[in-house]
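The values are calculated or read from the model by the stated rules, or taken from the named source; none is laboratory data. Predicted, not measured: the structure shown is a model, and the values here were computed from it. Every residue, glycine among them, receives a Cβ derived from its backbone with ideal geometry; neighbour counts consider all protein chains shown.
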Amino acid sequence: MIRLLLIDDHTIFREGLKRLLSEHGQFAVGAEASDGLQALRYMRESEFDVALLDVNMPGRSGLEMLPSFRAARPALPIVVLSMYPAEQYALRAFQAGASGYVTKDMDARELIESIRKVARGEKYMTPAVMEQLLIGPIRSDTSVAHKQLSPREYEIMLLLVQGIRLTEIGRQMFLSVKTIGTYRTRILSKLGIGSNAELTRYALQHHLID
């Protein structure tokens, strides 16, 4: 039996995952966490075989929490579940300690296979992720400005270049508009640019979006 820790702030998504996993007798959901700090407490109190981690959560994002999870449970395989394409987040997820990366629009069989594989001590990568990891080092020159962004800044940058308003970003992240505005100012400063339009051009130039 593979004992799972589900880490996602959306109750409906967690319920859907549990129903999906219940169809396969080898899985048991040991605990559910709605944010990273709650998940960290569970990791310290109980044993799990695999953790399924959402990227976009209130407070500290999944990527921000990964180093803390690795420190608390170095041997625990973590599969990152993301709404974002592999080219945007996969490389950062694996660098932060993820064992697998799948998108939330994946086929159910893909998720099941990812859990089984990481539970065996292997890495799980889709062809798109493998391609990203192969080309990632070519693009990972630390002199590139966006490499200096924190996980949260990087996440907000990707939302900004999609044209999402500050109020909506704040709603998604459970942060105030003022806080999101501060992040935006910090991002623009680190990248040496002055507007959202320039930010979009930067993201296109560095292949961060299509």
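Taking the condition free of Cβ contacts under 8 Å to residues at least 12 places away in the same chain and more than 30 Å from Val161 (Cα to Cα), does Glu23 pass?
Yes: the conditions hold for Glu23.
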Scanning region 155-187 residue by residue, the ones that are farther than 23 Å from Ala93 by Cα and in a helix (DSSP H, G or I) total 10
For Arg152, all conditions in the list (1) part of a helix (DSSP H, G or I); (2) in contact with a strand residue (DSSP E or B) (Cβ under 9 Å, 6 or more places away or on another chain); (3) modelled with pLDDT of 80 or more hold save one; what is the number of the exception?
-> (2)
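Per-residue answers, yes or no, for (1) over 29 Å from Ile209 (Cα atoms); (2) of a type in the set (Asp, Glu); (3) modelled with pLDDT of 85 or more; (4) in a loop (DSSP other than H, G, I, E, B):
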site	(1), (2), (3), (4)
Arg3	yes, no, yes, no
Leu21	yes, no, yes, no
Gln38	yes, no, yes, no
Tyr42	yes, no, yes, no
Asn56	no, no, no, yes
Met65	no, no, yes, no
Tyr101	no, no, yes, no
Met106	no, no, no, yes
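Kindly indicate which of Leu204, Leu191, Leu166, Leu111 is buried (at least 19 other Cβ atoms within 10 Å of the Cβ), modelled with pLDDT under 90, more than 19 Å from Ser82 (Cβ to Cβ) and of a type in the set (A, V, I, L, M). Quick ask: steps written out before the conclusion?
Values: Leu204 fails: buried (at least 19 other Cβ atoms within 10 Å of the Cβ); Leu166 fails: modelled with pLDDT under 90; Leu111 fails: more than 19 Å from Ser82 (Cβ to Cβ).
After applying the criteria, what remains is Leu191.
When you check Lys178 against the structure, is it at pLDDT 90 or above, closer than 24 Å to Met65 by Cβ and outside the structural domain of Ser34 (by TED's automatic domain parsing), yes or no?
Values: at pLDDT 90 or above: yes; closer than 24 Å to Met65 by Cβ: yes; outside the structural domain of Ser34 (by TED's automatic domain parsing): yes.
Answer is yes for this residue.
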Picked from region 33-55 (must be out of contact with any Gly (no Cβ under 7 Å at 6 or more places or on another chain) and touching a residue at least 60 places away in the same chain (Cβ under 8 Å)), the residue nearest to Leu159 (Cα to Cα) is Leu52
Go through region 124-149 residue by residue and tally those that are at pLDDT 80 or above and within 23 Å of Asp8 (Cβ to Cβ).
-> 2
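State whether the residues of region 73-83 include one that is assigned to a helix (DSSP H, G or I) and more than 15 Å from the chain's Cα centre (by Cα).
Here is the first cut: in region 73-83, the ones assigned to a helix (DSSP H, G or I) are none.
No: zero hits.
Taking the condition closer than 26 Å to Pro127 by Cβ, out of contact with any Leu (no Cβ under 8 Å at 6 or more places or on another chain) and surrounded by 24 or more Cβ atoms within 10 Å (Cβ to Cβ), does Leu53 pass?
Numbers: closer than 26 Å to Pro127 by Cβ: yes; out of contact with any Leu (no Cβ under 8 Å at 6 or more places or on another chain): no; surrounded by 24 or more Cβ atoms within 10 Å (Cβ to Cβ): yes.
So Leu53 does not fit the description; no.
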Kindly provide the set of residues from region 191-210 that are closer than 22 Å to Ala90 by Cβ and charged (D, E, K, R), ordered by number.
-> Asp210
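If we scan region 58-65, do we find a residue that is among the polar types (S, T, N, Q), surrounded by fewer than 19 Cβ atoms within 10 Å (Cβ to Cβ) and not assigned by TED's automatic domain parsing to the domain that holds Met157?
Applying the first criterion (among the polar types (S, T, N, Q)) to region 58-65 yields 61.
Adding the requirement that they be surrounded by fewer than 19 Cβ atoms within 10 Å (Cβ to Cβ) leaves none.
So far as region 58-65 goes, no, none of its residues is among the polar types (S, T, N, Q), surrounded by fewer than 19 Cβ atoms within 10 Å (Cβ to Cβ) and not assigned by TED's automatic domain parsing to the domain that holds Met157.
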